[in-house]
Structures are given as structure tokens and as C-alpha cells.
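Taking it in order: structure first as C-alpha cells, then the write-up.
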Amino acid sequence: MFFLEKENKFLRATIYLLPVIILGVFSLTKNLRFISLGMLHPNFDVIFESYRFNLIIQPILLVFFGLIYLILLKFVDEIKLVLCLALFCLISGIATFAFQYYVTVVEPQKCLIKYETITTDKLTKPISIVHFTDIQSAGIGEYEASVFKKISALSPDLILYTGDFLQLNKALEFDNQWEKLLKLFKQVKPRFGIYAVFGDTERELYSKSVEAIKPIKMLSSKSESFEFEGGKVSLHGLSLYQSKNPQWAMRSVEKWQEAHSDLDYFRIIMGHAPDYALALKDSEIDLCLAGHTHGGQVNIPFFGPLIIDSKVPKRWAHGFTQIGLPALNVSAGVGSNRFNGLPPIRFNCPTELTLIKLVPIKTTSY
Ligand SMILES: [Fe+2]
């Protein structure tokens with residue numbers, strides 16, 4: 001430093017480098033500790049700590065060090081070295097803040113529209129379904145309104161929602177926010193209706209009347225079927241518990257199949273968690289729908305989704321998969337809040353909704 005003899009060049013360079021080296025070693029050991037404490041298992045508290053350290057505390061320290069190095073430039077002889085350190089700290093800090101913005105704002109509000117097609121000999125005319133899930137909003141606002149605008153623009157024939165409507169900040173009232181959300185649902189008017197199942201976050205809805213939830217029809221532990229000019233569709237909804245327990249789901253599905261043994265029906269099952277599908281690989285079901293996993297929210301290259309909170313294989317936990325006789329669509333969801341204090345971030349797993357087209361087998365275009 002400026003107070004050391006000019007001959008002690010090496011010592012001065014080491015002193016300048018020391019804060020960056022200490023931060024690097026501290027960051028490395030802290031992250032190894034997060035992993036050893038169960039960040040990837042996952043342990044929700046450790047994940048939250050890791051988020052706070054890596055995306056908030058660390059960039060603040062980097063920018064702070066960068067500014068100190070800039071001030072030091074006035075007093076030192078090693079201008080090049082100190083300038084390099086200042087730029088390194090400032091660029092790394094700002095890049096981390098930019099990354100934080102990306103994972104907390106850009107991906108969570110992207111809401112991609114994914115398109116899937118199922119060809120079937122059970123229908124003679126096509127039908128389009130919007131499957132979406134896990135709005136899980138902490139307060140209904142512009143983002144949620146934009147999602148419903150996208151759905152309206154798709155003009156689906158049928159809307160199927162697989163649970164987790166709201167996850168409110170403590171200050172907000174459920175009824176008030178539910179009214180706002182219901183208003184958005186009322187804007188979309190699919191000709192075959194809107195059906196949903198309960199997720200983990202809306203116990204308040206259990207006591208509401210059918211009228212109070214309209215136009216949504218809750219299908220938890222219920223079935224519904226309809227006919228149209230192109231064929232017959234049968235829907236079966238699982239309760240939250242059934243969706244998480246393949247054996248209980250199977251009992252419910254078998255009863256429904258007995259009541260709808262006519263295989264002419266295009267059969268769709270909805271459950272909040274995808275675990276139920278583990279029991280249905282050989283069942284005469286056409287389509288299984290689920291949410292709950294949020295696609296993992298953080299999808300690490302070569303590792304896969306960080307947390308799926310489900311026993312299904314990771315490759316089932318997000319997207320459209322032929323799991324046997326049925327196809328399974330597990331949507332990454334519209335929202336990014338999760339229970340247990342997980343940070344609402346997304347990386348390599350943006351929010352989404354899915355347009356599924358059921359196309360008669362002889363029709364080549366829709
Ligand atoms: Fe959820």
C-alpha cells in the first residue's frame with residue numbers, strides 16, 4: 001500500500017489482492033457448506049440462505065470492494081493492478097445483480113405458451129385445451145392479468161387448471177384477492193367450461209359454495225363428461241391427497257372407469273401433484289394433467305430440476321411425456337411463489353401455460 005516501502009512491490013500486490021481472495025475462498029466454502037447441509041436434497045432453509053448469500057450479500061460486497069479500489073487509485077502506484085481489481089469487483093457485482101433481476105423478474109414473468117398435439121381416434125373434430133396451474137399469486141396484479149389475456153387470445157374450447165390459486169402475503173385477505181382472480185377467470189369463456197382441482201394453497205375455498213366459485217367447476221374427487229359434435233370427453237379430478245398417493249388415486253380412477261367403461265370417451269385426469277400418474281401407466285387413460293412441481297423452478301444444466309417435491313422421475317416432472325398408455329403433461333406453472341419460504345426465483349425454467357390440441361387421427365391439420 002501507499003504507506004509501504006516502494007521495494008515491497010510483491011507484498012503490496014498481495015495486500016491489494018487479499019480482499020478478493022478472502023471473498024472468493026469464503027464464497028467457495030460457504031457454497032460447499034450449503035451443499036453439504038442439503039441444498040440439493042432439498043432443504044428449504046438452506047436454499048433460502050444460499051439465495052440470500054449468493055444473490056444479495058455477495059454482490060453488495062463486490063460492489064463495495066470495487067468502490068474502495070476506485071478510491072485507492074488516488075493513493076497507490078500500482079494503478080493497473082488496482083484498476084483491474086476495481087473493474088473485476090464492480091463488473092462481477094453488477095453482473096450478479098443483473099442475474100438476480102433475471103431470475104426474480106424476467107423468467108418468473110415470461111409465461112411462455114407451449115404447444116402440444118395429441119392425435120386420437122376417439123374424436124372426429126378437433127378441440128383445444130389450455131392447461132395451466134400454480135398461479136399461486138401473492139397478490140393479483142398486472143402479471144396475472146397478462147396471463148389471462150394470453151389465454152383469451154388462444155380461444156381454447158376447454159380450460160383445465162390443476163391447483164394452487166393464491167399464496168398471499170399475510171397483509172392481504174383471501175376473499176378480496178379471490179374476487180380479483182375470479183374476475184380474470186370470468187374474462188375467458190371456453191365453450192366447454194373451466195374445470196379445476198384443489199392444490200396446497202386454497203383451503204379457504206373448501207367452504208365456498210359452487211355458486212361462489214363459478215365459472216370454475218371444482219372437480220376434486222368428482223367427474224364430469226360432455227359430448228360435442230366431434231365426440232365425447234370425460235374428465236376426472238383427484239383430491240389433493242389422491243394426487244399425491246398413487247394407490248388412493250388408483251381407487252378413485254377405477255370407480256370412474258367403471259362408470260365410464262365406454263372407451264369412446266376421451267379420458268382426462270386432473271390432479272395437483274403428478275405422483276398419481278405413477279399408478280396409471282397401464283390404464284386406459286388418454287391424458288393426465290398435473291402441476292405442483294413448478295418444473296423445479298431452478299433447472300441446473302446436467303443436474304436437472306432442483307426441487308420437484310414429488311416422487312415421479314425427474315424427466316416426468318416438467319412437460320409433456322408419454323408415460324405408457326396415457327400422456328402426462330406437468331406444467332411448470334404460471335407463478336413462482338412456493339411454500340416453506342423458498343425464494344420466488346426461476347432459472348432455465350420460465351413460467352408457462354400449455355395449449356393442448358386433440359386432433360382426430362385422420363386430420364392432418366388443425
Ligand atoms: Fe404450487
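Bear in mind that the values in this text are calculations on the coordinates, not laboratory data. It should be emphasised that the depicted structure is a prediction, and the values quoted were computed from it without experimental measurement. Don't worry about glycine lacking a Cβ; one is built from the backbone with ideal geometry, like all the others, and counts go over all protein chains shown.
Numbers below:
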{"read-out": "Angle in degrees between helix 246-259 and the longest Cα principal axis of the chain, rounded to the nearest 10", "value": "30"}
{"read-out": "Degrees separating the helix 142-154 axis from the principal Cα axis of the chain, which is the longest one", "value": "40"}
{"read-out": "Label-zone membership for the range 237-266, site residue 311, 7 angstrom Cα→C-beta point, backbone N under 14 Å", "value": "241-251"}
{"read-out": "Fewest-first ranking of 229, 144, 78, using other Cβ atoms within 10 Å as the exposure measure", "value": "229, 78, 144"}
{"read-out": "Gained length - residue 263 relative to residue 99, 0.36 nm times residue gap less alpha-carbon distance", "value": "54.0 nm"}
{"read-out": "Gain in span if fully extended, residue 149 to residue 36, counting 0.36 nm per residue against the direct Cα distance", "value": "36.3 nm"}
{"read-out": "Shape call, the range 110-360: gyration tensor on alpha carbons, a/c limit 1.5", "value": "rounded"}
{"read-out": "Residue-span extension gain [residue 26 to residue 251] - 0.36 nm each, minus C-alpha spacing", "value": "75.7 nm"}
{"read-out": "DSSP-assigned coil residues among trypsin sites (Lys or Arg not before Pro) in the range 1-97, each with at most 11 further Cβ atoms within 10 Å", "value": "6, 74"}
{"read-out": "Computed E for residue 83/residue 49 - FRET, C-beta separation, R0 41 angstrom, nearest 0.05", "value": "0.75"}
{"read-out": "Kirkwood hydrodynamic radius of the range 202-318, from inverse mean 1/r over distinct Cα pairs, in Å", "value": "15.5"}
{"read-out": "Neighbour cut-off at most 12 other Cβ (10 Å), DSSP loop, trypsin sites (Lys or Arg not before Pro), the range 128-225", "value": "170, 191"}
{"read-out": "Residue 327 long-range amide H proximity, modeled H, under 5 Å", "value": "287, 288"}
{"read-out": "Whole-Hz couplings from phi, Karplus 6.51/-1.76/1.60, listed for the range 89-97; x for Gly and Pro", "value": "5, 5, 5, 5, x, 5, 4, 5, 4"}
{"read-out": "Under-5 Å amide H pairs with residue 166, H placed in peptide plane, nonlocal only", "value": "136, 137"}
{"read-out": "Fraction of antiparallel bridges per DSSP, the chain only, in percent to nearest 5", "value": "35"}
{"read-out": "DSSP-loop trypsin sites (Lys or Arg not before Pro) across the range 272-366, with at most 15 other Cβ within 10 angstrom", "value": "281, 311, 362"}
{"read-out": "Estimated [θ] at 222 nm from DSSP helical runs (n ≥ 4, -39500 (n - 2.57)) normalised by residues in the chain, nearest 500", "value": "-11000 deg cm²/dmol"}
